[in-house]
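Remarks on the structure that follows.
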Amino acid sequence: MSETPYFLVLRSPRPRQPNAPLFIYLPGGDGTGQLFYRQLEGLEKTFDIRCLEIPPDDLNGWDLLVEQVVQLVEAEVKEYPRSAVYLCGESFGGCLALKVILHAPYLFDRLVLVNPASAFRQQSWLYWLSFLARPVPEAVYRMFWLWFLPILASLGRIESNDRRALLTAVQGMTQETSVWRVGLLREFDINDDQLRQIKQPTIVIASGRDSILPSVSEAEHLCALIPQARAYVLPDSGHACLLEADVNLYDILKSLDFLPVSQLVTES
């Protein structure tokens, strides 16, 4: 399929704080960046936050996605030089983050991965099921997400408003986009030597009850190869852990001494 010239956006979910370290969030397969809202209150104490938005009809390949993210971050840093730039990728965004940091390591100081989908091909049932993905009647497509939601997330750990937000986000993708992004995950490949080239301090957050991916074993795999990587396991969490009421990314980073210490933003 030919690449389509859509353009990505780095959205500021909070007022800009140009003197603060920059925190770039790359979202999961929905591509909206809107589901990161539960984590903003803590992170804004320290960071100037940007959430990547991928257009809902974007059918670009990895190379163009990477190039656009790098250009957006370069523009941010050129406008306001930063004491530190953090790159955070969740699920699909974790794959994108790995490719971005390998492509432009000079831009980033630290890396955070949350249930990265880099293990997609190791989850045999999901990998082989993905080959069957085809456009279906719209009503069937919407029903699929209702069925798939309890697999995607531990719904008992997510408040009702957040469950609705998750369903709205995934149903907002067109069928063509859903099939395309699953195809990108099938094609995703970074070898061990490339992982060893990532020199930034790295945290890999993994959910112990991830029904989508083998996230804990993938975290162990990544941490064995990335020189300065550490794993942090959420034993009771599902794949969409950043929407869970008891998961606080800021507190996790703080507990691991992974926050920048030179500059802190005063809470308003």
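No value in this document is a laboratory result; all are computed from the given coordinates. All values reported here derive from a predicted model rather than from experimental measurement. Reconstructed Cβ throughout: ideal geometry from the backbone, glycine too, with neighbour counts over all protein chains shown.
For Leu185, the shell of other residues with beta-carbons less than 15 Å away shows a net charge of -3, using +1 for Lys and Arg and -1 for Asp and Glu. Applying the criteria of a DSSP loop state and at most 10 other Cβ atoms within 10 Å to the GluC sites (Glu not before Pro) of the range 189-268 yields Glu267. Of the three principal axes defined by the Cα atoms of the chain, the extents in descending order read 53, 40, 37 Å. Working note: Karplus 6.51/-1.76/1.60 with θ = phi - 60° gives the range 203-213 the couplings 10, 10, 8, 10, 8, x, 10, 6, 8, 9, 9 Hz, where Gly and Pro are set to x.
Charges were assigned to the Cβ only: +1 to each Lys and Arg, -1 to each Asp and Glu. The resulting dipole of the range 9-255 about its Cα centre is roughly 260 debye.
Trp62 sits among other residues whose Cβ lies under 10 Å from its own Cβ, and their net charge, with Lys and Arg +1 and Asp and Glu -1, is -3. Remark: Lys99, Lys199, Lys78, Lys45 ranked as Lys78, Lys199, Lys45, Lys99, counting other beta-carbon atoms within 10 Å and listing the fewest first. Each of Lys45 and Val70 was given a label point 7 Å from its Cα along the Cα-to-Cβ line. The distance between the two points is 3.5 nm. Karplus-derived 3J(HN,Hα) values for the range 101-110, using 6.51 cos²θ - 1.76 cosθ + 1.60 with θ = phi - 60°, are 5, 6, 6, 9, x, 5, 7, 10, 9, 9 Hz; glycine and proline are entered as x.
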